[in-house]
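The values are calculated or read from the model by the stated rules, or taken from the named source; none is laboratory data. Model, not experiment: these values are computed from the prediction. Every residue, glycine among them, receives a Cβ derived from its backbone with ideal geometry; neighbour counts consider all protein chains shown.
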Amino acid sequence: MHKILLKIAQVGICTERPRAPDEALRLGAARLNDEMLQLLGRALAIRHVDAGSCNGCELEIHGVNNPYYNLEGLGIKFVAGPRHADMLLVTGPVARNMEEALRRTYDATPEPKLVVAIGDCGCTGGIFGENHASRGRVSNVIPVDAAVPGCPPEPAAIIQGILTAVSVRRNSGSEHDLR
């Protein structure tokens, strides 16, 4: 124990330097609040659905709730059930065993509902693709409003995907890729 404390005293604090504030995200957040009030009349509630991922995207989704990104400070919260949600964040390729559960979750979400596919697996099926155990990308099972590629995508990209999905109305019928 003595060696460890001595080493800590010699080396000091080793941390990364914080990133510079992203002005586009700050402006996007202000725009998001206005669009959410027009679209929903209240704050945005998100339900996360893991359709068969490796949990890499989940770790990044947890990152958007940390004090650095502070998603809840933007008026966005995660909810426990689809009946209280306005948006579904879906990660992973849709496993055959999760296909029906994902459809039921989508059907239980009240209108106007939005869907964001997170990660390469959610956007394209990733390395799994379509096979006997996987339906592939999320849009093969339910309609998708925005897609956030990356393996896994950074929290800033996830927030940008949420902003994009809110700004795109359900009746546009197009999937938006954030590449």
For this session: Scan the helices (runs of 4 or more DSSP H) fully inside the range 25-135 and keep the ones with 2 or more residues being modelled with pLDDT of 90 or more, surrounded by fewer than 19 Cβ atoms within 10 Å (Cβ to Cβ) and out of contact with any Leu (no Cβ under 7 Å at 6 or more places or on another chain).
Result: 56-63, 96-108
Exercise. What pairs come up if the first residue lies in the range 59-79 and is under 13 Å from residue 46 (Cβ atoms), the second is polar (S, T, N, Q) and surrounded by fewer than 17 Cβ atoms within 10 Å (Cβ to Cβ), and their beta carbons are under 8 Å apart, counting only those six or more places apart or on different chains?
Worked result: 71/65; 72/65; 74/33; 75/33; 78/65
For this session: Sort out which residues of the range 98-126 are basic (Lys, Arg) and either touching a residue at least 24 places away in the same chain (Cβ under 8 Å) or under 15 Å from residue 154 (Cα atoms) (or both), and write them in order of number.
Result: 103, 113
Exercise. Hey, does the range 100-113 have a residue that's more than 14 Å from residue 45 (Cβ to Cβ) and touching a Gly at 6+ places or on another chain (Cβ under 9 Å)?
Worked result: no
For this session: Write out, first by first residue and then by second, each pair whose Cβ atoms fall under 6 Å of each other, whose residues are 6+ apart or on separate chains, and whose first residue, in the range 134-145, is in contact (Cβ under 8 Å) with a residue 24 or more places away in the chain while the second is of a type in the set (Ser, Thr, Tyr) and crowded, with 18+ Cβ neighbours inside 10 Å.
Result: 137/124; 142/106
For this session: With the condition kept exactly as written, say whether any residue in the range 110-132 is in contact with a Lys or Arg (Cβ under 6 Å, 6 or more places away or on another chain) and aliphatic (A, V, I, L, M).
Result: no
